[in-house]
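Heads up: the structure comes next, in structure tokens.
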């Protein structure tokens, strides 16, 4: 047998081994790290998907919360895990802002993790207290221009979406507003409903009862396009072209995880998010299911990192201690 035939046979045998490995995976429980606290949306999403994977693949997918340091502790734990398909990572949108918020990250966000699938995405909402005179984004901007610093925006933490959306809003509208920081989102929303602050960018489910009760008014959503989840609500970008931002959850694995395992996981996740009951559960939370390819998630992450970098740098926000 000549050398060419030997190499060809070896390649075929190797391919067969990879296919067989993917077909038998997983042979033991799989850990899903969530670098955020229990009860948050990344955690909820991870548990829904883990339950579906447990059913479809016949092994337990176990969610483990490793919160702290802006989600970087759990992310680093995933990065440092063996790339064998038995450790996965479910991240929230902060995964794309951390490279700009931290100058001392111990991992490379784009190189040290392999994308599997973007699971869900959904807008936040710009809401105001019902007694605020502004009935639209344009009117809120005009209020802020007439009396610089008079409009009080609630924010949660320096790296939170509420803060970053507010900074993007200020930058694009060319206005000055007063930032009122809170330790938690629930306290901020209570004060917003009570009139202690005027406006906030916030997750839609958090304020739905207040919107329905007439204590808050939704002015616009942050996605580029209007959403069937909140019919009749315009986008911020209709007033400020180019304004965009969404909450999202995606699954990753350590870099160098075998591509056949990534493909198997992607196929099962896509199947899971396309089930009507799964779609309905996320729709109630004002999220749209996606089920992207690994390449699409890779592109999405790169775009999100670039999109938020300029806002973070210009505002001088850092989470380094």
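Rule-based calculations on the coordinates, nothing more; no lab input. Predicted, not measured: the structure shown is a model, and the values here were computed from it.
Structural size metrics of the chain, computed from C-alpha coordinates, are Rg and Dmax of 22.0, 85 Å.
Under the criterion of Cα pairs below 8 Å and six or more residues apart, the relative contact order for the chain equals 26 percent. Calculation over all alpha carbon pairs of segment 209-289 in 10 angstrom steps from 0 returns a P(r) of 14, 32, 29, 18, 6, 0 percent.
Comparing mean-square fluctuations of 242, 85, 122 from a GNM of the chain with C-alpha springs under 10 Å, the top value falls on 242. In whole Å, what is the distance between the alpha-carbon centres of segment 271-321 and segment 149-178? Distance between centres, Cα-based: 21 Å. With springs connecting C-alpha atoms under 10 Å apart, model the chain as a Gaussian network and identify which of 97, 206, 75 has the largest mean-square fluctuation. Of 97, 206, 75, the most mobile in the Gaussian network model is 206.
With 0.36 nm allotted per residue and the present C-alpha distance subtracted, the residue 111-residue 196 stretch has 26.2 nm of extension available. Considering helices alone, the calculated mean residue ellipticity of the chain at 222 nm is -14000 deg cm²/dmol, with DSSP H runs of length four and up weighted by -39500 (n - 2.57) and normalised per residue.
Derived value for segment 110-221: Kirkwood hydrodynamic radius 14.6 Å. Basis is the mean of 1/r over every pair of different alpha-carbon atoms.
Cα-based values for segment 18-161, radius of gyration first and Dmax second, are 20.3, 68 Å. With only Cα atoms counted, segment 87-161 has Rg and Dmax values of 18.3, 53 Å.
Between 254, 276, 294, the residue with the greatest mean-square fluctuation in the GNM of the chain (Cα pairs under 10 Å linked by springs) is 276.
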